[in-house]
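Below is one structure; the comments refer to it alone.
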Amino acid sequence: MATAAIGDYAFEPKDTLDKFHGNQLLYIGWEDHLMFCAPLAFPFPPAMPFKAILEQVLPGAYGAHPEFAKVDWSKAEWFKSGKPWRPDYEKSIGENGLKHKDVIRFRSPGLTGIKGTCS
């Protein structure tokens, strides 16, 4: 079925950077694990070390999944806007070039969900 535009749809977004008190939104998704159907949104300060995400944030977000404890971060494959990307775990979020509302995803080789079902 065809869709017809009804006119200009211009408006000011409600989630601009200035509304996050020095933080920026970062969306993080785990490939092949549809128990989490979409990337999760986090407000992080740009100066936060990327490694802190792995050690302090993702265990609380994804730790309920039985495979999360098996993730080998040295082998994780990362994607930024759908393209391969490699973060420097020792650098900050900002130093890694991540901006407000960026989407990153990681794949954990050898882990494809509960019994290989991507769930």
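The values are calculated or read from the model by the stated rules, or taken from the named source; none is laboratory data. Model, not experiment: these values are computed from the prediction. As a convention, Cβ positions derive from the backbone with ideal geometry for all residues, glycine included, and neighbour counts pool all protein chains shown.
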Revision key, fill the gap. The number of residues in region 6-56 that are in contact (Cβ under 8 Å) with a residue 24 or more places away in the chain, crowded, with 16+ Cβ neighbours inside 10 Å and outside any loop (DSSP other than H, G, I, E, B) is 11
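Let's see how each residue does on (1) crowded, with 16+ Cβ neighbours inside 10 Å; (2) at pLDDT 95 or above:
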{"site": "Y62", "(1), (2)": "yes, yes"}
{"site": "F68", "(1), (2)": "yes, yes"}
{"site": "S74", "(1), (2)": "no, yes"}
{"site": "G82", "(1), (2)": "no, no"}
{"site": "R86", "(1), (2)": "no, yes"}
{"site": "K101", "(1), (2)": "no, yes"}
{"site": "R105", "(1), (2)": "yes, yes"}
{"site": "L111", "(1), (2)": "yes, no"}
{"site": "G116", "(1), (2)": "no, no"}
Revision key, fill the gap. How many residues of region 88-99 are among the acidic types (D, E) and either on the phi > 0 side of the Ramachandran plot or surrounded by 12 or more Cβ atoms within 10 Å (Cβ to Cβ) (or both)? The answer is 2
Study note, to complete from the structure: The correct count of residues that are over 16 Å from C118 (Cα atoms) and among the β-branched types (V, I, T) in region 49-78 is 2
Review point. List pairs: first in region 68-85 and on the phi > 0 side of the Ramachandran plot, second surrounded by 10 or more Cβ atoms within 10 Å (Cβ to Cβ) and not aliphatic (A, V, I, L, M), Cβ under 9 Å, 6+ apart or cross-chain?
Key: S81/D102; G82/R105
